[in-house]
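Input: a single structure, listed below in structure tokens.
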Amino acid sequence: MSLENGNGTAEPLEMLHTHRVDEPLGPPFLSALKTGVPVWVVQRHPEARQVLTDPRLNRASLVAPDAPPHTPYPNLLTDPSILNNLDGEEHRRLRRTVSKAFAPRSIALWRPWVASVVDGLIDKLIETPQPADVISGFASSLPSSVLSRLMGLDEFDRDRLANFCDHAFSTTAFPPEQVQAVLGEFAAFGAEVVAMRRAEPGDDLVSSLIKAADEDGGLPEEQIVGLVILLTVAGHEVTTTVIGNTLVYLLTDGRDAWRALGQDESLAPIAAEQMLRGISIGGDILPGFMRRAIEDVEIGGVLIKKGELVAADTKTANLDPEVYPKDPREAPFSALGTPHLGLGAGPHYCLGAWLAKLEMELTLHRLPSRLPDLRLDVAPENIEWRPGQMTRSPQVLPVTW
């Protein structure tokens, strides 16, 4: 689910929810992508982490001109110039620019106003006639509202921004030529925002990015624009998907956890990590968790040869019984002994992780605290899912209380 680090038809509910892995997982095995290209699939947690952190397995070679096609759906993640697809010093420099703008102390400073956004959306939801859609009314509106304020985008049309994000990670939702056209509009939007902030700097994230880039010796303007585009998508897409999927779980199998979270705010940070570990945001292996070998490398006793593709099956690795003895449903409030891979690992760890976790923690307590009797107004098997996207989450989720 990582944005740094699906194909849009709905999967059965159990594919979205946490699932148990009872037997020890095996070594890497050879499979094939939808393009027909062979790929090594890695499922054991330590080895999946190796895939995401080993410099001999990288992203840039995955989108190089000589690379085999790893996805039939060109979108933002197939652009070789974006941060996701850079490695080495160029990647570190760009990432350093983002890290300066995202200093850890900033997260604590943002918490009160993010909490006020959460409470304001719950207020509006309560005033909405029932049944109400908790996706448009909360799960999607929360990241959109936070992102607009954080990046100074309040003057821009939020529906337009959501349309950009829908196309950025589209698979079959739109024709390829339409995706490319909208991504062109997205780039023009990013350039417009950067130009405005250069002319009139503020206390927003885009101004901070420009300042950090200039202090680091300057970056090409198109790279700054690329960061703005990526952060816009990351801040919206990750959180919308995570919250939407988590609500499906908590309002069905996870009712006991829902009630406990509403009563005790201290449980929210641990529950957020367990939900991120156990509830997948995509059906198939996400392209962000794929790498290509730039030299021979051994993984789990299997030799991956130079030029071959390898994918970390993080959904399965996060339930590796050798690493996590308990299913997340059995221990939703038990601290993880080993960090999960739901948001990736290593140099390409999800850019949106910091914001997604903050919004998720606040949601996990405040929503069940204010609406303890919130419940689905649709049978789980009739939930409408977003079509044609790399990530998988509800399109509409009618609820009553």
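The values are calculated or read from the model by the stated rules, or taken from the named source; none is laboratory data. These numbers come from a predicted model, not from an experiment. Positions of Cβ are generated from backbone atoms using ideal geometry, with glycine treated the same way; all protein chains shown enter the neighbour counts. Calculation scope for accessible area: heavy atoms of the full protein, side chains included, ligands and nucleic acids excluded. Shrake-Rupley method; radii C 1.70, N 1.55, O 1.52, S 1.80 Å.
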Item to complete: Determine the alpha carbon to alpha carbon distance for each of Lys34/Lys315; Lys100/Lys357; Lys100/Lys124; Lys34/Lys305 and list only those over 27 Å.
Response: Lys100/Lys124
Fill in: Amide H contacts of Val396 (H built 1.01 Å from N, under 5 Å, at least 5 apart or other chain)
Glu384
Worksheet item: What relative contact order, as a whole-number percentage, does the range 168-263 give when Cα pairs under 8 Å and 6 or more residues apart are counted?
Response: 23 percent
Practice prompt. For the range 309-340 and the range 96-171, write down the distance between their C-alpha centroids in whole Å.
Written response: 28 Å
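On the protein heavy atoms, probe 1.4 angstrom, tell me the percent of accessible surface of the chain carried by carbon and sulfur. Show your work: numbers first, answer last.
Working: 8370 of 15980 Å².
Roughly 52 percent, rounded to a whole number.
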Worksheet, complete the sentence: Result for the chain: accessible area per residue, probe 1.4 angstrom, in square angstrom, of 40 Å²
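Note down, for the chain, the three equivalent ellipsoid semi-axes (square root of 5 times each alpha carbon gyration tensor eigenvalue), biggest first, whole angstrom.
Values: eigenvalues 182, 156, 77 Å².
Semi-axis lengths for the chain are 30, 28, 20 Å.
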Worksheet item: How large is ³J(HN,Hα), in whole Hz, for each residue of the range 255-272 in order, when computed from phi with the Karplus curve 6.51 cos²θ - 1.76 cosθ + 1.60 and θ = phi - 60°, using x for Gly and Pro?
Response: 4, 5, 5, 4, 5, 5, 5, x, 8, 9, 5, 5, 7, 4, x, 5, 4, 4
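From the square roots a ≥ b ≥ c of the eigenvalues of the alpha-carbon gyration tensor of the range 213-303, which class results: rounded (a/c under 1.5), prolate (a/b over b/c), or oblate? If you can, show how the numbers build up before the last one.
On the way: a/c = 2.57, a/b = 1.41, b/c = 1.81.
Note, shape of the range 213-303 comes out oblate.
Give me the net charge of Val297's neighbourhood, meaning all other residues with Cβ under 13 Å from the Cβ of Val297; Lys, Arg count +1, Asp, Glu -1. Before the final figure, lay out each step's value.
Working: positive: Arg56, Arg291, Arg292, Lys305, Lys306; negative: Glu47, Asp54, Glu295, Asp296, Glu298, Glu308.
Result for the neighbourhood of Val297: -1.
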Item to complete: Report P(r) for the range 144-213: all Cα-Cα distances, bin width 5 Å, range 0 to the bin holding the largest distance, values in whole percent.
Response: 3, 16, 23, 22, 17, 11, 5, 2
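When ranked by the protection proxy of mean other Cβ atoms within 10 Å per residue, highest first, what sequence do the peptides 179-188, 353-362 form?
Values: 179-188: 15.9, 353-362: 22.6.
So the peptides 179-188, 353-362, ranked by packing, come out 353-362, 179-188.
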Worksheet item: Which value in deg cm²/dmol, rounded to the nearest 500, describes the helix-derived mean residue ellipticity at 222 nm for the chain, given -39,500 (n - 2.57) per DSSP H run of n ≥ 4 and division by the residue count?
Response: -14500 deg cm²/dmol
Discussion item. Can you compute 3J(HN,Hα) from phi for each residue in the range 232-243, using the Karplus curve 6.51 cos²θ - 1.76 cosθ + 1.60 with θ = phi - 60°, rounded to whole Hz and x for Gly and Pro?
Written reply: 4, 5, 4, x, 8, 5, 4, 5, 4, 5, 4, 5
Worksheet item: Farthest toward the dipole's positive end in the range 269-401, which of Leu367, Ala312, Trp385, given Cβ charges of +1 (Lys, Arg) and -1 (Asp, Glu) about the Cα centre?
Response: Leu367
